[in-house]
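Student: The structure's right below; bear with me while I get my questions together.
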Amino acid sequence: MAKVALVSGANKGIGFACVRALCKQLKDDNAVYLTARNPELGKKAVADLEKEGLKPRFHQLDITDQRSVEALRDHVKKEHGGLDIVINNAGFAFRLDDKASAAEQAAVSCQVNYFGTARVFDVLSPILRPHSEYASYSKKFYCRVVNVSSMTAKGVLKRLDPELKKEFQNTSTRNEVDMLVKRYIELMASGEAEKYGFTTVSNCGFSKLGLCALTRVQNSDMQKDLNRPGINVYSVCPGYVATDMSSYKGPKTPDEGADTLIWLALQPQGTTMGSGEFFADRKVISLL
């Protein structure tokens with residue numbers, strides 16, 4: 001049974017490196033989708049990988065657009081029947097010198113990094129394939145979802161008001177995490193964020209903290225679904241990588257940044273190690 005994998009935000013940087021690594025490790029009898037918001041850039045990225053002898057497939061994906069995510073789901077379901085690996089790499093960060101207001105930066109960061117990634121999971125999770133369905137075909141069958149987060153989430157958590165920190169640590173439902181993120185956006189818009197405990201936090205970092213909390217909830221929900229065993233969800237900091245998002249200042253290459261993401265995406269059947277947790281450099285990082 002062929003495996004089906006997809007990577008969001010994959011026309012460059014870490015996402016591109018993830019597609020390259022998956023193509024090499026899963027081989028040609030499997031389907032690896034390089035997805036990107038801009039079709040022209042996505043198809044060029046596919047062509048670049050084809051020059052390396054690899055065979056990724058392309059599909060457009062804008063994680064902020066419900067219809068775009070649904071179109072991807074419908075295509076994968078029609079062509080393959082289901083999905084085995086999702087690397088949620090698409091994200092956004094304002095540059096330090098950006099002139100957008102703090103309120104706008106908070107709203108955009110959370111809409112893309114938190115709600116956009118949540119949308120992808122909501123739409124695609126029904127077609128994630130549990131391992132038991134195909135266990136007779138392969139002892140190495142798995143289903144993995146990897147959400148790309150950031151170590152800035154840890155710094156943000158440390159600076160939150162103690163009561164807010166407890167709220168994050170005690171979240172157990174999607175609604176609870178959603179409400180915390182929405183509260184942050186509203187308080188940033190009203191200028192009262194610090195008054196209510198959101199003390200000098202990074203907008204991107206806060207959205208990634210929300211994503212780490214969401215990952216834990218998503219994984220818990222999957223583990224409770226006894227009819228669909230073997231679906232693990234992780235969040236990962238790829239490190240400080242030399243990509244467009246970091247203005248090419250990071251010490252890691254995109255391939256090095258992709259390492260832990262791919263390592264988790266290819267964890268073998270039966271593995272529950274660290275599911276729901278936050279990782280960096282192939283290690284669990286204590287966060288929530």
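The values are calculated or read from the model by the stated rules, or taken from the named source; none is laboratory data. Since this is a predicted model, take the numbers as computed values, not measurements. Neighbour counts run over all protein chains shown; Cβ positions are idealised from the backbone, glycine included. Surface accessibility is based on the protein's heavy atoms, side chains included, excluding ligands, DNA and RNA. Shrake-Rupley method; radii C 1.70, N 1.55, O 1.52, S 1.80 Å.
Student: Taking into account only those residues within the stretch 4-34 that are over 19 Å from the mean Cα position of the chain (by Cα) and of a type outside the set (A, V, I, L, M, F, W, C), which is least open to solvent (accessible area, probe 1.4 Å)?
Tutor: Residue satisfying both the conditions and the ranking: N30.
Student: Something else: So which residues in the stretch 240-252 are in contact (Cβ under 8 Å) with a residue 24 or more places away in the chain and either touching a His at 6+ places or on another chain (Cβ under 8 Å) or open to solvent by 30 Å² or more (accessible area, probe 1.4 Å) (or both)?
Tutor: First, pick out the residues of the stretch 240-252 that are in contact (Cβ under 8 Å) with a residue 24 or more places away in the chain: 241, 243-245, 247.
Answer for the stretch 240-252, where residues must be in contact (Cβ under 8 Å) with a residue 24 or more places away in the chain and either touching a His at 6+ places or on another chain (Cβ under 8 Å) or open to solvent by 30 Å² or more (accessible area, probe 1.4 Å) (or both): D244, M245, S247.
Student: If you go through the stretch 119-131 one residue at a time, do you hit one that is at pLDDT below 95, crowded, with 18+ Cβ neighbours inside 10 Å and assigned to a loop (DSSP other than H, G, I, E, B)?
Tutor: The first filter runs over the stretch 119-131 and keeps only residues at pLDDT below 95, leaving 129-131.
If we keep only those that are crowded, with 18+ Cβ neighbours inside 10 Å as well, we get 129-131.
Narrowing the set further to residues that are assigned to a loop (DSSP other than H, G, I, E, B) leaves 129-130.
Yes - at least one qualifying residue is present in the stretch 119-131.
Student: Do you know which of the residues in the stretch 49-67 that are assigned to a helix (DSSP H, G or I) and touching a residue at least 24 places away in the same chain (Cβ under 8 Å) is most open to solvent (accessible area, probe 1.4 Å)? So that I can check it myself, show each step before the final result.
Tutor: As a first pass, look at the stretch 49-67 and keep what is assigned to a helix (DSSP H, G or I): 49-50, 66-67.
From what's left, touching a residue at least 24 places away in the same chain (Cβ under 8 Å): 49, 66.
Values: L49: 0, Q66: 81 Å².
Checked the stretch 49-67; the qualifying residue most open to solvent (accessible area, probe 1.4 Å) is Q66.
Student: Quickly run through the stretch 16-34 and pick out the residues that are touching a helix residue (DSSP H, G or I) at 6+ places or on another chain (Cβ under 8 Å) and either in contact (Cβ under 8 Å) with a residue 40 or more places away in the chain or in a helix (DSSP H, G or I) (or both).
Tutor: F16, A17, C18, V19, R20, A21, L22, C23, Q25, A31, Y33, listed by residue number.
Student: Hey, another quick one. So which residues in the stretch 253-288 are open to solvent by 50 Å² or more (accessible area, probe 1.4 Å) and either touching a His at 6+ places or on another chain (Cβ under 9 Å) or at pLDDT 95 or above (or both)?
Tutor: Of the residues in the stretch 253-288, the ones open to solvent by 50 Å² or more (accessible area, probe 1.4 Å) are 253, 255-256, 259, 263, 268-270, 272-273, 277, 281-284, 286, 288.
Scanning the stretch 253-288 gives T253, D255, E256, D259, W263, Q269, G270, E277, D281, R282, K283, V284.
Student: Continuing with this model, one more query. I'd like the full set of residues that are under 17 Å from A280 (Cα atoms), among the small types (G, A, S) and surrounded by 22 or more Cβ atoms within 10 Å (Cβ to Cβ), limited to the stretch 224-239. Spell out how you get there, then give the answer.
Tutor: Pass one, the stretch 224-239, residues under 17 Å from A280 (Cα atoms): 232-239.
From the residues that got through so far, the ones that are among the small types (G, A, S) too are 235, 239.
Once the filter is applied, which keeps residues that are under 17 Å from A280 (Cα atoms), among the small types (G, A, S) and surrounded by 22 or more Cβ atoms within 10 Å (Cβ to Cβ), the stretch 224-239 yields only S235.
Residue-wise test of (1) within 23 Å of M151 (Cα to Cα); (2) open to solvent by 10 Å² or more (accessible area, probe 1.4 Å); (3) among the charged types (D, E, K, R).
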{"position": "V76", "(1), (2), (3)": "no, no, no"}
{"position": "G82", "(1), (2), (3)": "no, no, no"}
{"position": "F94", "(1), (2), (3)": "yes, yes, no"}
{"position": "D97", "(1), (2), (3)": "yes, yes, yes"}
{"position": "V108", "(1), (2), (3)": "yes, yes, no"}
{"position": "Q111", "(1), (2), (3)": "yes, yes, no"}
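Student: Does V181 count as among the aliphatic types (A, V, I, L, M), touching a Gly at 6+ places or on another chain (Cβ under 9 Å), open to solvent by less than 20 Å² (accessible area, probe 1.4 Å) and not in a loop (DSSP other than H, G, I, E, B)? Don't jump to the end; show me each part of the working.
Tutor: Values: among the aliphatic types (A, V, I, L, M): yes; touching a Gly at 6+ places or on another chain (Cβ under 9 Å): yes; open to solvent by less than 20 Å² (accessible area, probe 1.4 Å): yes; not in a loop (DSSP other than H, G, I, E, B): yes.
It is true that V181 is among the aliphatic types (A, V, I, L, M), touching a Gly at 6+ places or on another chain (Cβ under 9 Å), open to solvent by less than 20 Å² (accessible area, probe 1.4 Å) and not in a loop (DSSP other than H, G, I, E, B).
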